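Here's the structure we're looking at; comments come further down.
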Amino acid sequence: IPVLFITGVATNEVIGQAEVDGFLTKPFRIAHIEELIEKALSSAGGKPVKRKTEILLIDLAGRIDETLTDGLFSQGFTLFSFRDLEEGLRELANNRFAAILADFSPWLANPADILRRIRKQAPQTPLLVNADAYPPDRSQEAVDEFQLTALIAAPYTAAAVLDALRGHLTVGTE
C-alpha cells in the first residue's frame, strides 16, 4: 500500500527519515494531494485513477436544488456547492473544476464584482451564470466581458447545464 506523508515541518531531517512514496508540505491545494495519490497508485501497479468531472456551484440566490444536483450527479459529476461566495472562492483556490455555475441575485450583489472575483481565480474555466444577472440588452456585453460560457435561466435543469457545457468539457467517469 502506498504511503503518503503530509507535514507542516518540511525539514530534511523529518522528510529524510520518512520512508514514503510521496510527501506534501502544508498548506497545500487539494489538487496537489489528488495528483500525489494518482501518482502513488499508478507507481504501485494499480490502474490509473479516473476522476469524476467536478463542478463548482456557487449558489448565492438559493435556487440550485436537489433536482439539478441529483441530475448532474447521475450523469457522472461530482458537485461542490456553496451558499457563501467567500467559501466558494476558497474552494476554487484549492481545487480545479471543470466548470462553475454561479447563481446570485443581481439586486443584492454587484454581478460584475462577483464575476471579476471568480475570473481572477479561474480565468479559463467554463462559467455559467444565471440569466437574470443582466438585463437582456446587456447580456451579450457581460458574456463578452467575463468570457461567460452561457447565461442560463432558473429553474436550472441538468439538461440545460449539460447543453450549455457541451463542447467545453468531457463529462463523467470512464
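See the values below:
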{"quantity": "Computed label-point distance, nm, for sites V20 and T157 using a 7 Å Cα→Cβ extension", "calculated": "4.8"}
{"quantity": "Residue-span extension gain [R96 to Q121] - 0.36 nm each, minus C-alpha spacing", "calculated": "8.0 nm"}
{"quantity": "Span-like helix ranges in the chain, DSSP H, alpha carbon extent 15 angstrom or more, Kyte mean at least -0.5", "calculated": "30-43"}
{"quantity": "Top positive-direction residue, dipole computed over the chain with Cβ charges, set A164, A109, I152", "calculated": "A164"}
{"quantity": "Charge dipole (debye, nearest 20) of the chain; +1 at Cβ of Lys and Arg, -1 at Cβ of Asp and Glu", "calculated": "340"}
{"quantity": "Spin-label model distance (nm) - A31 vs E87, 7 Å beyond Cα toward Cβ", "calculated": "2.3"}
{"quantity": "Candidates P126, P111, P155, ranked by Gaussian network fluctuation over the chain, Cα under 10 Å, top entry", "calculated": "P155"}
{"quantity": "Percentage relative contact order, segment 59-174, counting C-alpha pairs under 8 Å, at least six apart", "calculated": "31"}
{"quantity": "Correct option for volume of the Cα convex hull per residue in Å³ [calculated from the coordinates] among (i) 131; (ii) 121; (iii) 150", "calculated": "(i)"}
{"quantity": "Expected 222 nm ellipticity per residue - DSSP helices of 4 or more, -39500 (n - 2.57), all of the chain, to 500", "calculated": "-10500 deg cm²/dmol"}
{"quantity": "Per-pair calculated FRET efficiency, R0 = 22 Å: S139 and A109 via Cβ, rounded to 0.05", "calculated": "0.80"}
{"quantity": "Choice from T67, T25, T53 showing the highest fluctuation, given a GNM over the chain with Cα pairs closer than 10 Å", "calculated": "T25"}
{"quantity": "Most fluctuating residue given options L115, L79, L41, as computed from a GNM of the chain linking Cα atoms under 10 Å", "calculated": "L41"}
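Values in this text are rule-based calculations from the coordinates and carry no lab data. From a predicted model like this one, the values you see are computed outputs, not experimental measurements. So basically every Cβ, Gly included, is an ideal-geometry build from the backbone, and we count neighbours across all protein chains shown.
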